[in-house]
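Enquirer: Let me begin by handing over the structure; questions about it come next.
The values are calculated or read from the model by the stated rules, or taken from the named source; none is laboratory data. None of the values given here were measured: they were computed from a predicted structure. Note that we place each Cβ from the backbone using ideal geometry, even for glycine, and neighbour counts take in every protein chain shown.
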Amino acid sequence: MIDPVTHRRINPNYPVSLVRGHCESQIPNLTKAQRKETLVFTDEEYLIASSVVLGFAFSEKLWLELTVSSIKDITWNDNAYESLVMEKDRKDIITALVKSHKYHPAERIDDIIQGKGKGLVALLHGPPGTGKTLTVESIAEFLKCPLYIISAGELGTTSLLLEVELKKILDISMTWGCIILLDEADVFLEKRTVQDIHRNALVSIFLRLIEYFQGILFLTTNRVETFDYAFQSRIHIALRYDKLSDKAKKDIFKMFIARVYSGIDESPFTEDDFSYIAKKNLNGRQIKNTVRTAQALAKDEELGMIHIRRVLKVTDEFEKDLKGGTG
């Protein structure tokens, strides 16, 4: 995200050299449209312009100086949400909620206290590899807005650090209209006990900050049964993700094979092959990894079921070892 203004607001002590002149003094009085029409630079003026701009890298979670030569328009994946393997009713509910929150903010029901409870907090819970994170990633592509993914470790383990870091993230997300995904949120959502004062402080701070957050926040967890009861009233919608059905596994496998061959009809795989995969104890992430590993195994050959079976054989052996079996 290129945003020098927010960069300087968040990092007021960051050293930036400024060249002040007649042209700079005129810029603040112009609208964006006027600037595009009025400010025409010569080649000589471009030569003395900065080669970097200030911005934020979501993958690194760092404010950086970004090279101007690498700036390009964002290419959104318009098919990501349609490709998501999920029941239609669930898709419709999530779509309606996020679209209403983003495009129709005036229609939200406000709390008695102004500015409170205006955000959208969604909880996605279920076993690993069932599509929780992919759902949020697809929604961000669907809405064409930034996705800020954070983990519990990035927020710190002390109440003071948690408050500072979370406030900063919520501030940035409101400025840019980001969707926030807090992955594996268990540590901040567990039930409070009389004995653990430290955890109580973390949970209380987290509850207070999201209460006044007005953006879109997704929480994912594998252990919803340990949640503090106070979160029930803060969560607008909770979606349960069960283990993939045979049909879902078959659809996911077909989707990844279609990407390899630019279409499922071009592949050598049969319905029996897809049914074979569906019977395996695999989640969505494991299916993706299986296809990726088999593709690497095939090298210059055409990817076929023989490569998939070789990878699955190794996977089965590892699963047997995990369960305490013998080779």
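Enquirer: Tell me yes or no: at least one residue of segment 265-277 is outside the structural domain of V85 (by TED's automatic domain parsing), of a type in the set (A, V, I, L, M) and closer than 24 Å to T133 by Cα.
Expert: yes
Enquirer: For residues in segment 163-185 being part of a helix (DSSP H, G or I) and among the β-branched types (V, I, T), which is farthest from the chain's Cα centre (by Cα)?
Expert: Here the answer is V164.
Enquirer: Still on this model: Please determine whether any residue of segment 230-237 is basic (K, R) and not in a loop (DSSP other than H, G, I, E, B).
Expert: Looking through segment 230-237, none of the residues is basic (K, R) and not in a loop (DSSP other than H, G, I, E, B).
Here's the yes/no breakdown for (1) in contact with a strand residue (DSSP E or B) (Cβ under 7 Å, 6 or more places away or on another chain); (2) small (G, A, S); (3) under 22 Å from T133 (Cα atoms); (4) not assigned by TED's automatic domain parsing to the domain that holds I210:
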position: I235; (1), (2), (3), (4): yes, no, yes, no
position: I287; (1), (2), (3), (4): no, no, yes, yes
position: V291; (1), (2), (3), (4): no, no, yes, yes
position: A296; (1), (2), (3), (4): no, yes, no, yes
position: V314; (1), (2), (3), (4): no, no, no, yes
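Enquirer: I'd like to know if segment 293-316 contains one or more residues that are surrounded by 17 or more Cβ atoms within 10 Å (Cβ to Cβ), under 23 Å from A248 (Cβ atoms) and among the basic types (K, R).
Expert: No, segment 293-316 has no match at all.
Enquirer: Of all the residues that make up segment 57-82, how many are surrounded by 10 or more Cβ atoms within 10 Å (Cβ to Cβ) and either touching a His at 6+ places or on another chain (Cβ under 7 Å) or more than 28 Å from G131 (Cβ to Cβ) (or both)?
Expert: Selection size over segment 57-82: 7.
Enquirer: Quick one: in segment 285-327, of everything that is of a type in the set (V, I, T) and more than 32 Å from the chain's Cα centre (by Cα), which residue is farthest from Y261 (Cα to Cα)?
Expert: Once the filter is applied, the top-ranked residue is T326.
Enquirer: Sort out which residues of segment 191-227 are acidic (D, E) and either more than 24 Å from the chain's Cα centre (by Cα) or at pLDDT 90 or above (or both), and write them in order of number.
Expert: D196
Enquirer: Just need a number here: residues in segment 39-54 that are out of contact with any helix residue (DSSP H, G or I) (no Cβ under 7 Å at 6 or more places or on another chain) and either of a type outside the set (S, T, Y) or at positive phi (or both).
Expert: Residues that pass the stated criteria total 9.
Enquirer: Can you name the condition, by its number, that L160 falls short on among (1) within 28 Å of M1 (Cβ to Cβ); (2) not in a helix (DSSP H, G or I)?
Expert: (2)
Enquirer: Quick check on segment 254-268: of everything there that is under 23 Å from M86 (Cβ atoms) and in contact with a Leu (Cβ under 9 Å, 6 or more places away or on another chain), which residue is surrounded by the fewest Cβ atoms within 10 Å (Cβ to Cβ)?
Expert: V260
Enquirer: Looking at A152, A140, can you tell me which residue is touching a helix residue (DSSP H, G or I) at 6+ places or on another chain (Cβ under 8 Å) and buried (at least 17 other Cβ atoms within 10 Å of the Cβ)?
Expert: The match here is A152.
Enquirer: Of everything in segment 276-287, what is surrounded by 13 or more Cβ atoms within 10 Å (Cβ to Cβ) and either out of contact with any helix residue (DSSP H, G or I) (no Cβ under 6 Å at 6 or more places or on another chain) or of a type in the set (G, A, S) (or both)? Give them in sequence order.
Expert: Correct list: Y276, A278, K280, L282, N283, G284, R285, Q286.
Enquirer: May I ask you to verify whether M305 is in contact with a helix residue (DSSP H, G or I) (Cβ under 7 Å, 6 or more places away or on another chain) and either more than 26 Å from T133 (Cβ to Cβ) or in the same structural domain as T133 (by TED's automatic domain parsing) (or both)?
Expert: So M305 fits the description; yes.
Enquirer: Of everything in segment 200-239, what is out of contact with any helix residue (DSSP H, G or I) (no Cβ under 8 Å at 6 or more places or on another chain) and basic (K, R)? Give them in sequence order.
Expert: Result: R208, single match.
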